[in-house]
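The values are calculated or read from the model by the stated rules, or taken from the named source; none is laboratory data. What you see is a predicted model, and the numbers here were worked out from it, not measured in a lab. Because the Cβ atoms are built from the backbone with ideal geometry, glycine has one as well, and the counts that use them run over all protein chains shown.
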Amino acid sequence: MGVYVRNFLYRQGWFKVYKLSTPIISIGNLSTGGTGKTPMACFILDYLIQQGISVAYLSRGYGRSTEGFRRVTEHADAARLFGDEAVLIFNRFTGIPVAVCEDRVGGATRLIRETAVSIIVLDDAFQHQKIGRDLDIVMIDATQMPDRDLVLPAGNLREPLSSLSRAGIVVLNKIPEQADRQALIKRLKHPQIAVSKAQFAEVIFFRPEVRPALPSEVLLKHPVIVFSGLGNNEQFFDQLREMGVDIRKSFSFPDHHVYTPEDLKLITLEFRTQVPESPELIILTTEKDYCRLNSVNLPAVLTPYPCAYITMDLVWLEGKHLVTEELHKLVNKINHDRETTT
């Protein structure tokens, strides 16, 4: 009931929305769990950087041990301090301001004040209506359609399907190969729907000085022991199997799991048991899990083993232009404002 009341109060203008001086792009979802927000954020950040726009990234920093506003920096315990998603962005996009803050208005205001940023990308911000946004993108997991779900605590929805009316663009992600795409699109009842999927990109070894990064197809030649701590581990494992990867053993941990030496010893024990018969065996995980492991300087228990993580890229199946056209409008506005103030 609370979410319905809150949405009503925002619609009626009784709750204030703060419009900031810098354009804001929000990437969010309706449901709990992973819907592909991080690959979308990477796509948008990469697009804006290529256009010469100074961009910053702001998230809540889910799973971190700290509170308040924090700028992400290189730190021996970065994932614990800032959250694995923010650290992933920081590592991928060297040089852009990356920050975490529960208060999106306060965090964005501070980024604007402290940096020369021209646009801010907000992660997981659809429910944060207090901050005005120039583009609102909502990610939907096509394997868990929201029209067949209920609002928390009865289901996994943070708010009802009708809330999609606030979204500028809906992106139907993780769509199964054999799915009836048009039927799924119709079920969302939104005028602006793009369709995408996450695709494996590179296999990057924990010790790149020993083994260089390789295209994901290399996994077809290597049996793997795989582990992850995601919102939906089985979806990750299934995607590897669909690619044709030979998974010898999988270890599933809770979302944003903080690994212990005991966890890693179980994985390496399995490796030692199998490697005599499979000398090409490698240990594989996700980029987010690597960020959590790397934030404590990669436990010594892993360094003797061929460990790697796999990166994901967003691949557009249809409607990419819906996103790029909106981004282009913002780029033009920023460039126009620059010209008029010089």
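Pick from the range 178-236 the residues that are among the acidic types (Asp, Glu) and touching a residue at least 12 places away in the same chain (Cβ under 8 Å): which of them is farthest from Asp263 (Cα to Cα)? Give the steps one after another, and end with the answer.
Kept after step one, since they are among the acidic types (Asp, Glu), are these residues of the range 178-236: 180, 202, 209, 217, 234.
Retained after the next criterion (residues that are touching a residue at least 12 places away in the same chain (Cβ under 8 Å)): 202, 234.
Values: Glu202: 25, Glu234: 18 Å.
If we take residues in the range 178-236 being among the acidic types (Asp, Glu) and touching a residue at least 12 places away in the same chain (Cβ under 8 Å), then Glu202 is farthest from Asp263 (Cα to Cα).
Pick out the one residue from Thr285, Thr340, Thr324 that is β-branched (Val, Ile, Thr) and modelled with pLDDT under 90. Explain how you work it out, then say what you get.
Working: Thr285 fails: modelled with pLDDT under 90; Thr324 fails: modelled with pLDDT under 90.
Result of the check over Thr285, Thr340, Thr324: Thr340.
I'd like to check something: does the range 52-63 contain any residue that is surrounded by fewer than 18 Cβ atoms within 10 Å (Cβ to Cβ), in contact with a Leu (Cβ under 6 Å, 6 or more places away or on another chain) and within 25 Å of Thr324 (Cα to Cα)?
No; the residues of the range 52-63 include none that is surrounded by fewer than 18 Cβ atoms within 10 Å (Cβ to Cβ), in contact with a Leu (Cβ under 6 Å, 6 or more places away or on another chain) and within 25 Å of Thr324 (Cα to Cα).
Give the range 5-14 a look and list any residue that's in contact with a Phe, Trp or Tyr (Cβ under 9 Å, 6 or more places away or on another chain) and either in a helix (DSSP H, G or I) or at pLDDT below 80 (or both), or say none.
Matches in the range 5-14: Arg6, Phe8, Leu9.
Go through the range 73-90 and give me each residue that's within 17 Å of Gly28 (Cα to Cα) and without any contact (Cβ under 8 Å) to a residue 40 or more places away in the chain.
Ala86
Provide a single number: the residues in the range 15-48 that are more than 25 Å from Met312 (Cα to Cα) and part of a loop (DSSP other than H, G, I, E, B). Show your work before the answer.
The initial filter retains those residues of the range 15-48 that are more than 25 Å from Met312 (Cα to Cα), namely 15-23.
Checking the rest, the ones that are also part of a loop (DSSP other than H, G, I, E, B) come to 15-17, 19-23.
Count: 8.
Could you name every one of the helices (runs of 4 or more DSSP H) located completely within the range 219-299 that has at least 1 residues being outside the structural domain of Lys37 (by TED's automatic domain parsing) and of a type in the set (Ser, Thr, Tyr)?
On the way: elements: 233-243, 261-274, 287-294.
Because the criterion is at least 1 residues that are outside the structural domain of Lys37 (by TED's automatic domain parsing) and of a type in the set (Ser, Thr, Tyr), the helices (runs of 4 or more DSSP H) in the range 219-299 that meet it are 261-274, 287-294.
Can you find a residue in the range 17-24 that is in contact with a helix residue (DSSP H, G or I) (Cβ under 9 Å, 6 or more places away or on another chain), surrounded by 17 or more Cβ atoms within 10 Å (Cβ to Cβ) and small (Gly, Ala, Ser)?
no
Just to be sure before I move on: is Phe227 touching a helix residue (DSSP H, G or I) at 6+ places or on another chain (Cβ under 9 Å), over 25 Å from Phe251 (Cα atoms) and of a type in the set (Phe, Trp, Tyr) in the structure I sent? Spell out how you get there, then give the answer.
Working: touching a helix residue (DSSP H, G or I) at 6+ places or on another chain (Cβ under 9 Å): yes; over 25 Å from Phe251 (Cα atoms): no; of a type in the set (Phe, Trp, Tyr): yes.
For Phe227, the condition - touching a helix residue (DSSP H, G or I) at 6+ places or on another chain (Cβ under 9 Å), over 25 Å from Phe251 (Cα atoms) and of a type in the set (Phe, Trp, Tyr) - is not met.
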